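The structure appears below as structure tokens.
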Amino acid sequence: MKILQLTIELKSDMCCGTGTGDGVQFDTVSAYNDYGLPYIPAKRLKGLLREQAEFLISCGYENKNLNLVEELFGKGERAGTLIINNAEIKGASTLKEDLDKLFKSQSALYNPSTVAEIYTVARHATAMKNGVAKPNSLRTIGAVPNGTEFEAELYLADDSCEEGLKFLRNCAK
């Protein structure tokens, strides 16, 4: 099995929404783990990579092997040769160790909610009609700030060809 490292640096604020809000400040929030650290779900990453793979094929990628997309990402009930983990904030394992100690020693002051606040910026959006804001349409979004870096491990079965590895690298670009 080949282990690949995917690094993502946000070039703009990102809301990798969970479909819920916090009920108080935000209508929509990003995904946060049990420590309050933001992450990008593996399912979302795999979907984005697959979408890019299909786009490259449709644009005339040098090897128009349509089976390559199905081989890597699977189809229907058949799993592909690619396995993806959640993308966690860079240095998450060290942060988790430090947060464990901090939560135990200062539990009243520090908790996952206070950590999430550090990694959240508020963005506001409203629906417009003819240049005028629609009534009651203002929404507040909890986003992860630009410049944040994420890392994810990808696992590619050994029987995957070099062509598949090259194709996957092009999809990640």
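The test for being polar (S, T, N, Q) and touching a residue at least 24 places away in the same chain (Cβ under 8 Å) does not hold for ASN67. Say whether the condition of being small (Gly, Ala, Ser) and either modelled with pLDDT of 85 or more or assigned to a helix (DSSP H, G or I) (or both) is met by at least one residue in region 15-26. There is no residue in region 15-26 that is small (Gly, Ala, Ser) and either modelled with pLDDT of 85 or more or assigned to a helix (DSSP H, G or I) (or both).
Quick one: which strands (runs of 3 or more DSSP E) sit completely within region 64-129 and have at least 2 residues that are surrounded by 14 or more Cβ atoms within 10 Å (Cβ to Cβ) and at pLDDT 90 or above?
Passing ranges, in order: 82-84, 87-89.
Scanning region 130-150 for residues that are within 20 Å of the chain's Cα centre (by Cα) and modelled with pLDDT of 90 or more, we see that the one that is nearest to SER12 (Cα to Cα) is ASN146. Of all the criteria given as (1) modelled with pLDDT under 90; (2) open to solvent by 40 Å² or more (accessible area, probe 1.4 Å); (3) part of a loop (DSSP other than H, G, I, E, B), the one not satisfied by LYS166 is (3). For LYS173, the stated conditions do not hold, so it cannot be described as open to solvent by 40 Å² or more (accessible area, probe 1.4 Å) and farther than 26 Å from GLY91 by Cα.
Within region 137-153, can one find any residue that is at positive phi and either in contact with a helix residue (DSSP H, G or I) (Cβ under 6 Å, 6 or more places away or on another chain) or in contact (Cβ under 8 Å) with a residue 60 or more places away in the chain (or both)?
Yes.
Taking the criterion of being part of a loop (DSSP other than H, G, I, E, B) and among the polar types (S, T, N, Q), the residues of region 32-63 that qualify are ASN33, ASN63.
The values are calculated or read from the model by the stated rules, or taken from the named source; none is laboratory data. Please read all numbers here as calculations on a predicted model, not as lab measurements. Note that each Cβ is placed from the backbone with ideal geometry, even for glycine, and that neighbours are counted across all protein chains shown. Side chains included, ligands, DNA and RNA excluded: accessible areas come from the protein's heavy atoms. Shrake-Rupley method; radii C 1.70, N 1.55, O 1.52, S 1.80 Å.
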